[in-house]
Amino acid sequence: KEGDVIEKERVDALKDNIENIFFLAIIWGIGGACDDESRKKFDEYVKTKKNFPAKGTVFDYSYDVMSGKWKGWMETVQSVPIDARKSFSDLVVQTPETVSYSFIIEHITTQLKHVLCVGPTGT
């Protein structure tokens, strides 16, 4: 917030991580709008510019500022047991896609911006 003093550790962390934060923003800001075929091409292109884990695509990873490493989306959340008493239609199962989209939506809405998600529901 304007006028707030930022701790030196946070400024140093930003300096160390700004390039990777930028790549995460590019991946989702540009690549997130691509269809499946274009995502493959986008993935190949980004990997020529930045060293990513070999397994999967750039869309399979989030950047963890605290550890300074790229992590799979499922590594960024705690495992939630499925409640056997709930009906099938009430279950929400975390997947890399739901975790990544939740992360993006949360970060956009905390900036008081509106979000519209479009596309097939996945059901």
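The values are calculated or read from the model by the stated rules, or taken from the named source; none is laboratory data. Quick caveat: nothing in here was measured; it's all calculated off a predicted structure. Every residue, glycine among them, receives a Cβ derived from its backbone with ideal geometry; neighbour counts consider all protein chains shown. For the accessible areas, the whole protein counts, side chains as well, though only heavy atoms, and no ligand, DNA or RNA atoms are used. Shrake-Rupley method; radii C 1.70, N 1.55, O 1.52, S 1.80 Å.
Just a few scattered comments:
- Our analysis of segment 58-99 gives Rg over Rh at 1.11, with the two radii drawn from alpha carbon positions and Rh computed by the Kirkwood formula.
- Counting only protein heavy atoms and a 1.4 Å probe, the chain has 82 square angstrom of accessible area per residue.
- When the surface is traced with a 1.4 Å probe over the full set of protein chains, K15 keeps roughly 140 Å² accessible.
- Taking each residue as 0.36 nm, the span from K71 to C117 lengthens on full extension beyond its C-alpha to C-alpha distance by 14.1 nm.
- Kirkwood Rh, angstrom, the chain [1 / mean 1/r, Cα pairs]: 16.8 Å
- The modelled label-to-label distance between D83 and E2, using points 7 Å beyond Cα along the C-beta direction, is 4.4 nm.
- E106/T48 FRET efficiency (R0 30 Å; Cβ-Cβ; nearest 0.05): 0.50
- Dividing the summed helix terms, -39500 (n - 2.57) for each DSSP H run of n ≥ 4, by the number of residues in the chain produces a 222 nm estimate of -13500 deg cm²/dmol to the nearest 500.
- Dipole magnitude of segment 1-82, debye to nearest 20 (Cβ charges: Lys/Arg +1, Asp/Glu -1, about Cα centre): 240 debye
- Ordered from highest to lowest accessible area with the whole protein assembly present and a 1.4 Å probe, L91, L116 read as L116, L91.
- Spatially near lysine pairs across segment 44-123, Cα under 15 Å, sequence gap of 8 or more or different chains: 5
- Accessible area ranking (1.4 Å probe, heavy atoms, ligands and nucleic acids excluded), largest first, for R39, R10: R10, R39.
- Two-site label geometry, E9 and K40: point separation in nm, points 7 Å out along Cα→Cβ: 4.5 nm
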